[in-house]
Each structure stands twice: as structure tokens, then as C-alpha cells.
Amino acid sequence: MPEEALIVVDMQRDFMPGGALPVPDGDRIIPWCNHYIEEFRKRGALIVATRDWHPENHISFKEQGGPWPAHCVRNTPGAEFVVDLPSDAVIISKATEPDKEAYSGFEGTELAEILRKNGVKRVYVCGVATEYCVKATALDAIKHGFETYLLSDAVKGINPEDEEKALREMERAGVKVL
């Protein structure tokens, strides 16, 4: 049983250039994420992909009074993954209820239980956006007792200044930045 998991955070079409809520140059980390997916798969690690899987009337959307344009609406092209996930990847859908926001892959999901059930002790995190869902997922991984690593060449943030603050916050919490 592998003691490690790769968590690929929100690598979805709407978060890429041309999408509804793009991370600038987010597409530049697709090859890195795919590289890590392949490497971790070869090592027998659990591959996990988180995704926003919003209903059409999600609380985070501007139309509902939230801060964001509608994005990653379930079963739409914008919600599709842009990385090459193996068929046995664990898909974690978050922010699935209209009235609940969730940035972390652990929030309102069974991710912690799935990792524990699979004997995972160490998690490696990549994806978008560094200062939002990547940070929230990494910090929650620490809170849930997992040794947590951030694959810095396979994350992308929206704003370099905020991304730097997020990296420092993660490091202070115990996330090891590789």
C-alpha cells in the first residue's frame, strides 16, 4: 500500500487562459502536473484530483452575490480536467452545494478518510490557484496530520505578491516547499 498521494488541485478548463476564471499562464503547469501524475503513478502512489463542481446557482457566483464569475459548473466543458489522469484516479468534487463555498479539497468531502483508508502518510500538492485552493488544501492536509509537500514548479497563482504570501503561510504551517 502506498504511503503517499499526489493531490492535483483544480486543473480544470475554466481556470486556464480563455476560461471563465483564468489563472494567468495556468496552462504552463499542465506539463509539470502531467509529469508528476506519471511519476507518482509509477511509484504506486494514490492519485487524487480535486475539482470545483458547482451547481448553476452557487453562492460564490456574482449572480448570487459572490465574488467570482460563474465557473466550473458541473457537467459543463469548463469543469473538465486539463491534465491526463489515470482511470483509477480518485476524483474529489468540492463546493457542490449551492450555499456552501469550499476552497480546500478536504472541505465537505471524504478526502481525509480516503487518504487514511489507503494508508497515506505523505501528500504532494500541485495545481491552481496557489493562493486559494492549493493553499487551503495544503493547510488542511497539515491539519489532518499528513506530511505535506508543495510541488512549486507545478503550482500557479493569480497574483505573484499574493502567491508569495501564500507560500510563506504554508511554510509557517509546516508545508515543505519543493
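Readers should treat all values here as calculations from the given coordinates under stated rules, not as data from a laboratory. Source: prediction; values computed, not measured. Because the Cβ atoms are built from the backbone with ideal geometry, glycine has one as well, and the counts that use them run over all protein chains shown.
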Unit-weight point scatterers at every alpha-carbon of the stretch 97-178, Debye formula, q = 0.18, 0.20, 0.26 1/Å: log10 I(q)/I(0) is -0.71, -0.86, -1.27
If exposed means GluC sites (Glu not before Pro) lying in a DSSP loop and surrounded by at most 15 other beta carbons within 10 Å, then the longest stretch of the chain lacking such sites spans residues 111-178
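Quick check on the chain: helices-only [θ] at 222 nm, where DSSP H runs of length 4 and up contribute -39,500 (n - 2.57) each and the sum goes over total residues. Nearest 500, please.
After summing the helix terms and dividing by the residues of the chain, the value is -7500 deg cm²/dmol.
Starting from the Cα gyration tensor of the chain, multiply each eigenvalue by 5, take the square root, and state the resulting semi-axes largest first in whole Å.
Values: eigenvalues 110, 60, 54 Å².
After scaling each eigenvalue by five and taking roots: 23, 17, 16 Å.
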Relative contact order as a percentage, the chain, C-alpha pairs under 8 Å and 6+ apart, gives 26 percent
per DSSP, antiparallel bridges as share of beta bridges in the stretch 1-126, % nearest 5, sits at 5 percent
The extension gain from H144 to Q64, computed as 0.36 nm times the residue separation minus the Cα-Cα distance, is 25.6 nm
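Placing +1 at every Lys and Arg Cβ and -1 at every Asp and Glu Cβ, with all other atoms neutral, what dipole size does the chain have around its Cα centre, in debye to the nearest 20?
Here the chain has a charge dipole of around 460 debye.
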Taking placed amide H atoms and a strict 5 Å upper bound, the residues 5 or more places from V125 or on another chain that come that close are I7, Y149, L150, L151
In order over the stretch 111-126: 3J(HN,Hα) from phi, Karplus 6.51/-1.76/1.60, θ = phi - 60°, whole Hz, x for each Gly or Pro, gives 4, 4, 5, 4, 4, 4, 4, 8, x, 6, 10, 10, 10, 10, 10, 9
Counting lysine pairs in the chain that sit 8 or more positions apart or on different chains, with Cα atoms under 13 Å apart, gives 5
